[in-house]
Amino acid sequence: MGDFSRNTFKLTNIMHQLITGEPVSNPTHYVGIRLQQGVPVLDADWNELEDIRRMELLTMIRYFIGNGVPAGNQGFQILSTSGQNNFSVAAGIVIVDGLLVINQNITTYQTQLNVAGLPALTTPVADRTDIVYLDTWEKEVKGSGGGGDPRLIDNRIGIETAVRVKREWVVRVKENANDLSSIVREKGHSYLPLARLNRRAAVAVITPDMVIDMRKTGITLAEHIKVPLFVQIGLEMLDVARFVVMLTGLRTSLFARLRQGQLPHQTASVQDENILLVALQEVMNRAHIGEVQTASRNMDNQDALQFIRSLYDAQKDFLGVLESIGNVANAAQAFITQYRKYLDGSTADFIKGLKLALDNQDLLAAVIAQEELNSFLSAPVTNLPEGTVNVFYNSVIPFEALAAGSTYAFTFEVESQVTSPLGSEEFGIQVAISAASWTSTVSQNSVTLTNLGGKTSVAVSVTPNAAETQAILTVTAIAVRNPLIRSPQPGIPLQIGVEPPVGTFFFYADTRLNAQGQLEIRQNHLTRTTGRDILFKIKNDNSSEIRTYRINHYISPNVADTTGWSPLQASPTTQDVQVNPNTTTDYFAKVHGPKSPAPPPPIGTTGEIIATATLIEINGSPVVGGATVENRINFIVIA
């Protein structure tokens, strides 16, 4: 024993009683020691601090993690080896009663450290069960004397200072025993069963079939804690709720088709009909299992990706069964062909497909692909909402140059143009502000709107921060039961020291932008004779005035040679549009790219589409200095 004045941890702390079982008079849960100035420094204080640290960690590991071997480790696995009455002990680590025990190198029962005093194993006369277990304990090591470690003595001082505590271990065998109930336990030792040996009569060699591993493996905490799935790329977000809705959409769409007679098929027998229904039920059951697992927060991103892969396989299997026994007279061929396009992709139909996303291990893209497939399945039975939703920026209070630290209330109008059997649909409201130091809060996270015209207002409070002078505020409405339906409007630019934009009456309303905030335009849409029409909307909120707006638009590609692109800034397209009171009117901004025989615009070409609306007349009377709204939409050319 080291030369210690006293053990205050053992004398006072409840953790000593918890770990050792030894009673402590009037125990207290001391968790730290604070050194005071001008007082003696005692060895007891130093040692108590170390005991508190070690025992708190040991307690946590013992009671919250438990005994065993971490994932990917073979620590202390018992294996057969050559020779009689011997076995190997694998290198690695194990936790025993909260203690980390390390075996640096593979060894055997007969050659392990601390082998002195171990009894030799015997060859059984009759069949016998032996228990192999780990015995671990701690001892003090000095820098001098027998068994000491001279490296602990600083030669510049030449005398021993603090002693060390060393963890020792040995693998023991209790012959003719099934568990550890009959072993002799020593104070201060911890024990862990490693293996059971089912030895056969008169057989001296321990063969692999005699060894039954008793270790608890894979206790790595991270392997068993599920962080609920979440992915965000730009403004596109996937969370638990969206994943559940996607699975529910698949299940309910298939069931609705079956119930309403919209699942094309024809079988040759009742038996084939039943087999087909079983295959369909497998897809629906798998989707339902995923709903339950996800909703219970028991699926992380990797789990979700693997689950969608299994869902893909189940849908492929269903189509295989449908084609083999449910496609008499090609009754289901058109359905099968279209379904497979959504699963495996179709370049001609501009469908990326679920398989491509899975091959790329892109969870978000996989969910979007399945949502698109769900929309195809639900189309004839309309069990999912279809249509559009828009978010219009109306006003801000106070209207002034933005100041850091001040709060501004922005008002947006959410308008539903969807149809569904429910008569109304719920939309989630997602707010994103590009400057991390700015803060924003939304008045409500979801709204329920009547189909085809239902609208409501949503308020967003924004507080700028001087750390960043500019930000983009984006408010997106997303149909809860069909996340493919989302408002396409881009965010509004904000800048400290500059007045925010006025409420808009002219806004982008085409397909939603990608995660990078770009409109994806297909190459062949730019090169075809008709070009590509980009949808904008003009809104007249006035209840009595007929208003006329002058619309200008042009395309600005990021290319050195703009030959073939039109209209360009030098000669924009101009059109006057009259809008009746309380009416919203469509405006299509047509753009073109180079056409044959010129080379098409390269895939990946980027640029902007700029469209501007100016109020020029009210009830036929000219307006001088009428309000102007400009939309700048980033685009990228895709295949």
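Details
- Among the chymotrypsin sites (Phe, Trp or Tyr not before Pro) in region 476-530, none is located in a DSSP loop while being surrounded by at most 16 other Cβ atoms within 10 Å of its own Cβ.
- When the charge dipole of region 461-529 is built from unit charges on Cβ atoms (+1 for Lys and Arg, -1 for Asp and Glu) and taken about the Cα centre, the candidate among Ile496, Ser461, Ala477 whose Cα reaches farthest toward its positive end is Ala477.
- FRET efficiency for Lys455 and Ser310, using Cβ-Cβ distance with R0 set to 35 Å, rounded to 0.05: 0.30
- Helical segments meeting 24 Å axial Cα length and Kyte-Doolittle 0.0 threshold in the chain (DSSP H): 240-259, 270-295
- Other residues lying with their Cβ under 15 Å from the Cβ of Pro150 contribute a combined charge of +2, Lys and Arg counting +1, Asp and Glu -1.
- Were the residues from Arg297 through Gln17 laid out at 0.36 nm apart, the gain over their Cα-Cα distance would be 97.0 nm.
- Set against the 2.2 N^0.38 Å expectation for a compact globular protein, region 105-175 has a Cα radius of gyration ratio of 1.63.
- Residue-by-residue Karplus 3J(HN,Hα) for region 445-462, coefficients 6.51, -1.76, 1.60, Hz, glycine and proline x: 8, 8, 9, 10, 10, 5, 5, 6, x, x, 8, 7, 9, 10, 9, 10, 8, 10
- When Cα Rg over 2.2 N^0.38 Å is calculated for this entry, the matching label among (i) 1.43; (ii) 1.58; (iii) 0.94 is (i).
- For Thr122, net neighbour charge (Lys/Arg +1, Asp/Glu -1) across residues whose Cβ lies under 15 Å away: +2
- Thr628 paired with Ala222, simple spin-label distance in nm, labels 7 Å along Cα-to-beta-carbon: 5.6
- Where GluC sites (Glu not before Pro) fall in DSSP loop in region 351-442, at most 15 other Cβ within 10 Å: Glu400
- Selection from Val245, Ile308, Val39, by position along the positive dipole direction of the chain (Cβ): Ile308
- The slack in the chain from Arg6 to Ala44, taken as 0.36 nm per residue of separation less the alpha-carbon distance, amounts to 13.1 nm.
- Virtual spin-label span in nm between Glu400 and Gln333, 7 Å along Cα→Cβ: 7.3
- Rounded to 0.05, the FRET efficiency of the Ala467 and Thr441 pair, given R0 = 22 Å and the Cβ-Cβ distance, is 0.75.
- Rounded to the nearest 20 debye, dipole of region 1-114 from Cβ charges on Lys, Arg, Asp, Glu: 220
- Residue among Ala365, Asn298, Val278 farthest towards the positive dipole end of region 273-365, charges placed on Cβ: Ala365
- The trypsin sites (Lys or Arg not before Pro) found in region 542-639 include none that occupy coil by DSSP while having at most 11 further C-beta atoms within 10 Å.
- Positive minus negative residues near Gly2 (Lys, Arg vs Asp, Glu; Cβ under 10 Å): -2
- Region 36-103 shape via C-alpha gyration tensor axes, a/c threshold 1.5: prolate
- On the beta carbon distance between Ala432 and Ser543, with R0 = 30 Å, the FRET formula returns roughly 0.35.
- Dipole size of the chain about its Cα centre, with +1 on Lys/Arg Cβ and -1 on Asp/Glu Cβ: approximately 840 debye, rounded to the nearest 20.
All of the numbers you see were taken from the coordinates with simple rules; none came from a lab. Values in this document were obtained by computation on a predicted structure and should not be read as measured data. Note that each Cβ is placed from the backbone with ideal geometry, even for glycine, and that neighbours are counted across all protein chains shown.
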